[in-house]
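Visitor: Got a structure here, written out as structure tokens. Questions coming.
The values are calculated or read from the model by the stated rules, or taken from the named source; none is laboratory data. Note that the structure is predicted; figures quoted are calculated from it, not measured. Here the Cβ positions follow ideal geometry from the backbone for every residue, glycine too, while neighbour counts run over all protein chains shown. The accessibility values were calculated without ligands, DNA or RNA, using every heavy atom of the protein model including side chains. Shrake-Rupley method; radii C 1.70, N 1.55, O 1.52, S 1.80 Å.
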Amino acid sequence: MEPKRIREGYLVKKGSMFNTWKPMWVVLLEDGIEFYKKKSDNSPKGMIPLKGSTLTSPCQDFGKRMFVFKITTTKQQDHFFQAAFLEERDAWVRDIKKAIKCIEGGQKFARKSTRRSIRLPETIDLGALYLSMKDPEKGIKELNLEKDKKIFNHCFTGNCVIDWLVSNQSVRNRQEGLMIASSLLNEGYLQPAGDMSKSAVDGTAENPFLDNPDAFYYFPDSGFFCEENSSDDDVILKEEFRGVIIKQGCLLKQGHRRKNWKVRKFILREDPAYLHYYDPAGGEDPLGAIHLRGCVVTSVESNSDGRKSEEENLFEIITADEVHYFLQAATPKERTEWIKAIQVASRTGK
């Protein structure tokens, strides 16, 4: 049987021979990591065995380069990867660490489930409960919380989750609420934000979820991000950078002149509505910006004749100035998520 695919997506990888950083399509398997020049390639450019490997995160070897982690193999070969943002790096790191532990213990990789360990009733529908928690009117309120000179956006505290479960009569008491919240966390319906909640998830405590006002959590599709507080001496940001970040990640973008496709890191901001794109291999300044106010965004079929093409999951943005941008997502689901997010921003942004 082929090894199970655990996670895949674009990461920026440092070359093993030259000090160059290039976007790669990276696939985490149960026993190793494969990386490809393009998602559509049939054979990988390289493979990193995980047995006996160690992982270092955060990796501070490259100064200004953020969200880097390092994998060191048994042959003392170092492999460096850079994610587009903090939460993406942490998700890769958690899964790689778990894969290495499973290899050492002779176990199969499986997403942790708390149903057996905490005797969670089979009648509990975690998916339905998650949707109730996200209800704009009656659900958990997402806030901008501050801790250790950092602002956590689209976030909420651990005790707020338990309060909501109790008041909503989803549980009988706080202890039962803690069990349900731990299950939501382990199944991926909630994500930890901040050192306290992340330490609990990575630790050996019976309940990885904390009923604590200083433990922060967020919904995985909420647009959560964390930022440092700025000082009074900071230069005032340009108007287009004032918007709250509602989505970010890597997509393929077609060039206007050569019509070639390149991986770009995209950051979507609302009010004012802008989609900035960056070189994922480095550079703090954007390569360009798409003003989304009044734009039209639609799916694009790759081939009108029905033949399969490498250019799948395409979508197009047509700005109010009638400039056309063609982008490519990795999956149909990702394309749908980007289209919906851009449509919302185009209606609400200035």
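Visitor: Using only Cα atoms, locate the centre of region 74-108 and the centre of region 314-343, then give the distance between them in Å, rounded to an integer.
Guide: 31
Visitor: State the dimensionless ratio Rg/Rh of region 128-225 (Rg: radius of gyration of Cα atoms; Rh: Kirkwood radius).
Guide: Values: Rg = 12.4 Å, Rh = 13.3 Å.
Result: Rg/Rh = 0.93.
Visitor: Can you list which of the GluC sites (Glu not before Pro) found in region 134-213 are DSSP loop residues with at most 15 other C-beta atoms within 10 Å?
Guide: Qualifying residues, ordered by number: E137, E206.
Visitor: Now for a different question. Could you check how much of the accessible area of region 128-225 is carbon and sulfur, as a whole percent, using a 1.4 Å probe?
Guide: On the way: 2310 of 4890 Å².
Answer for region 128-225 is 47 percent, counting heavy atoms of protein chains only.
Visitor: While we're here: Once every DSSP H run of n ≥ 4 in the chain is given -39500 (n - 2.57) and the sum is divided by its residues, what mean residue ellipticity at 222 nm do you get, rounded to the nearest 500 deg cm²/dmol?
Guide: That calculation yields -7000 deg cm²/dmol at 222 nm.
Visitor: At 1.4 Å probe size, with the rest of the protein present, what percent of the exposed accessible area of region 5-105 is carbon and sulfur atoms?
Guide: Heavy-atom surface of region 5-105 belonging to carbon and sulfur, 1.4 Å probe: 50 percent.
Visitor: Find which of S16, N42, T74 sits farthest along the positive direction of the dipole of region 5-105, computed with +1 on the beta-carbon of Lys and Arg, -1 on that of Asp and Glu, about the Cα centre.
Guide: Positive-end residue among those listed: S16.
Visitor: Whole-Å semi-axes of the chain's equivalent ellipsoid, largest first, each the root of 5 times a Cα gyration tensor eigenvalue?
Guide: 32, 28, 21
Visitor: Of G243, G158, G255, whose Cα points farthest to the positive end of the dipole of the chain (charges on the beta-carbon: +1 Lys, Arg; -1 Asp, Glu; origin at the Cα centre)?
Guide: Farthest along the dipole direction, towards plus: G255.
Visitor: I need the semi-axes of the equivalent ellipsoid of region 5-105: take the C-alpha gyration tensor, multiply each eigenvalue by 5, square-root it, list largest first in whole angstrom. List each step's numbers first, then the result.
Guide: Working: eigenvalues 66, 55, 38 Å².
Listed largest to smallest, the semi-axes of region 5-105 are 18, 17, 14 Å.
Visitor: Could you give me the percent of Cα pairs per 5 Å distance bin for region 148-196, shortest bin first, beginning at zero and ending with the bin that holds the maximum distance?
Guide: Histogramming region 148-196 at 5 Å steps yields 4, 20, 27, 24, 13, 8, 3, 0 percent.
Visitor: Still on this structure: Using the heavy atoms of the protein chains and a 1.4 angstrom probe, tell me the accessible area per residue for the chain in square angstrom.
Guide: Result: 57 Å² per residue.
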